[in-house]
Amino acid sequence: MKPLLVLLSLCCLAPCLLAQEIVQEDQPSTSPIAEVFIPGPITDGTPPQPPPAPPGKPDFKIVESRTGRMEVVEPPPMHGLPPVTGTVNVTLNRVEDPKLPPLPEPLPAAAPTDPAVLAAIEEFRRNYKGTELLFISATVYDRSRTYLRIYPNGVARKEIAAWSNIDFNHFSGFSTFRVTREDGSFTDHGMLMGLGNQTAESTERLRELLEKNGMEYSVPEMPELPDLAVAGPRYVIDEGGDVEDPASEILAYMHRLYATEGARMEAAYIERERVRKEREAYYRANPPKPKDVTINFWRTSKKEEDK
Amino acid sequence: MKTRTLAIVPAVLLALGAHAASPTIEPLGMSSYKVDWEGAANEAYFIQWSLDLGGWQYFPLVDQGVDHDEFNFNSSTDRFFVRVVSWPYTGTDPHGADFDGDGLSNIFELMFGLDPLDTDSDDDGILDGAEDLDEDGALNTTENFNGSNPKVKDHPDVKLSVTVGN
């Protein structure tokens, strides 16, 4: 190797070696996988806790008021429903200054040299486990096969594409799964998933649309995959997927996860769908109406120090 | 927790001469907010509101210069948007002035739901001042002069007390 190249290589390698040394203790464990599971609950359509009651309204003394009618368009209460439209009364009130009580002062910032603060930071650092982010695109065909594209940490060049015999709709009720190792270490994988469903009818509609516009629709070639009920979760890699590639591991983890948690995931999905359909039917039978709006406004003089 | 979609949107150009002020918003508690902005000499300021970022309405007030009052509001709706629009002005009476030149004073237009920066608020091809909204025989300019309500059929001689400012 030419001396200049050696010098350049050393210059490039030195920071890497240094960085490697610094992060050594944070390197993932190579201990065998012990378990893959969902650490939290799976959404099953149960409504969340109601929000806390809104703060009370100030006691306004109206100086001047006027009301007008206005057409409004509000977002639908749930996906798949039409927007909420209607005419509402909008009342604009000029009011006297309600003399609102001052907000509580923010807590003073803790000194960075405070031993208690340093201890808390150290405790946090010791227990902190980062979450690996997975960007996933999943197209489910006839609720029985899924074409997956996985980008670990959003890196496009690490992409892996595969066919799976799992209905990935079942992966939509939670956001994180955990991989534990035999030495006790673990990694949480957070999922950001774009999910689409294709049926024979929707595929046909897509084909017609493309052909109408002079384009050709190429039917995805689906490889042979055994039935989920018979063989358990299986996949076939379509693109990428070197053995060293972290995306391959991710794919394996997800299928291992379904092998152990699939029944729970499917049951939660079925329940979510039941609740969703029930809600949709309710809103179609009882379309919400926009509410009247009241706006109170008042002026205050600036404090001397604010001027 | 219930979220409030509240935004202060930098003003967009509404008409020739109007431009953005840089407002700030500060929560006051009890679903109330304070709007403030860095005022400039030789500028007049309007405050607009919207429920959907589509149509914008004016609050019935106009400010001027550096030393303006703060504006505070409380809205019953979760989706409420406010923006501040400025207009170059070197005079001393932004209420009585007619920025868009349609024959109606700014405060008259603000009080009765017309646009003080648009000569033809309803886009019907007739200047706001040349219209007779309540069809009582008195043009809006006359109603403005008499201080009467252009949207109520009343005798043009009947005076309407209009309070401006705080």
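What FRET efficiency comes out for A:Asp245 versus A:Thr30 if R0 is 25 angstrom and r is the Cβ-Cβ distance? Round to the nearest 0.05.
Result of the calculation: an efficiency of 0.95.
Could you work out how far helix A:115-127 tilts from the main Cα principal axis of chain A, as a 0 to 90 degree angle to the nearest 10?
Once rounded, one gets 50 degrees.
State which entries of A:Lys61/A:Lys99; A:Lys57/B:Lys151; A:Lys57/A:Lys291 exceed 22 angstrom in Cα-Cα distance in the structure shown.
Details: A:Lys61/A:Lys99 11 Å; A:Lys57/B:Lys151 32 Å; A:Lys57/A:Lys291 17 Å.
Pairs exceeding the cut-off: A:Lys57/B:Lys151.
Could you state the angle between the C-alpha long axis of helix A:200-212 and the longest principal axis of the C-alpha atoms of chain A, as a value from 0 to 90 degrees rounded to the nearest 10?
90 degrees
Which percent of the accessible heavy-atom area of the range A:48-164 goes to carbon and sulfur, probe 1.4 angstrom?
Heavy-atom surface of the range A:48-164 belonging to carbon and sulfur, 1.4 Å probe: 59 percent.
Give me the summed buried accessible area for the B-A pair, 1.4 Å probe, to the nearest 100 Å². Present the calculation step by step, with values, prior to reporting the outcome.
On the way: alone 8980 and 22070 Å², together 28080 Å².
Buried: approximately 3000 Å² between A and B.
Taking a probe of 1.4 Å, how large is the accessible area per residue of chain A, in Å²? Show your work: numbers first, answer last.
Working: 20520 Å² over 307 residues.
Value returned for chain A: 67 Å² of accessible area per residue.
How big is the dipole moment of the protein assembly as shown about its Cα centre under a simple scheme where the beta carbon of each Lys and Arg is +1, that of each Asp and Glu is -1, and everything else is neutral? Debye, nearest 20, please.
1740 debye
For the range A:141-210, what does the alpha-carbon gyration tensor say about shape, rounded, prolate or oblate, given a ≥ b ≥ c as the root eigenvalues, a/c under 1.5 as rounded, and a/b over b/c as prolate?
Note, shape of the range A:141-210 comes out prolate.
So if R0 is 41 Å, what FRET efficiency would B:Asp134 and B:Thr24 give, r being the distance between their Cβ atoms, rounded to the nearest 0.05?
So the FRET efficiency works out to roughly 0.55.
Taking loop as defined by DSSP and a crowding limit of 15 other beta carbons within 10 Å, which trypsin sites (Lys or Arg not before Pro) in the range A:263-302 fit? Provide the component values of the computation, followed by the final result.
Numbers: sites: A:Arg264, A:Arg272, A:Arg274, A:Arg276, A:Lys277, A:Arg279, A:Arg284, A:Lys291, A:Arg299, A:Lys302; in loops: A:Lys291, A:Lys302.
Of the trypsin sites (Lys or Arg not before Pro), the ones in loops of the range A:263-302 whose Cβ has at most 15 other Cβ atoms within 10 Å are A:Lys291, A:Lys302.
Identify the trypsin sites (Lys or Arg not before Pro) of the range A:113-212 meeting these criteria: DSSP loop state and at most 13 other C-beta atoms within 10 Å of the C-beta.
Details: sites: A:Arg125, A:Arg126, A:Lys129, A:Arg143, A:Arg145, A:Arg149, A:Arg157, A:Lys158, A:Arg178, A:Arg181, A:Arg205, A:Arg207, A:Lys212; in loops: A:Lys129, A:Arg143.
Listed in order of number, the matching sites are A:Lys129, A:Arg143.
Which of rounded, prolate or oblate describes chain A when judged by the alpha-carbon gyration tensor and an a/c cut-off of 1.5?
Oblate, since a/c reaches 1.5 and b/c is not below a/b.
Given a 1.4 Å probe and heavy atoms of the protein chains only, how would you sort A:Met193, B:Met111, A:Met215, largest accessible area at the top?
Reading off the accessible areas and sorting them downward yields A:Met215, A:Met193, B:Met111.
Consider just the alpha-carbon atoms of the range A:89-159 and return their Rg together with their Dmax, both in angstrom.
Spelled out, the Cα radius of gyration and Dmax of the range A:89-159 are 26.2, 64 Å.
The values are calculated or read from the model by the stated rules, or taken from the named source; none is laboratory data. Small disclaimer: the values here were computed from a predicted structure and weren't measured. Please note: Cβ atoms are built from the backbone with ideal geometry, for glycine as well, and neighbour counts cover all protein chains shown. Accessible surface areas use protein heavy atoms only, side chains included; no ligands, DNA or RNA. Shrake-Rupley method; radii C 1.70, N 1.55, O 1.52, S 1.80 Å.
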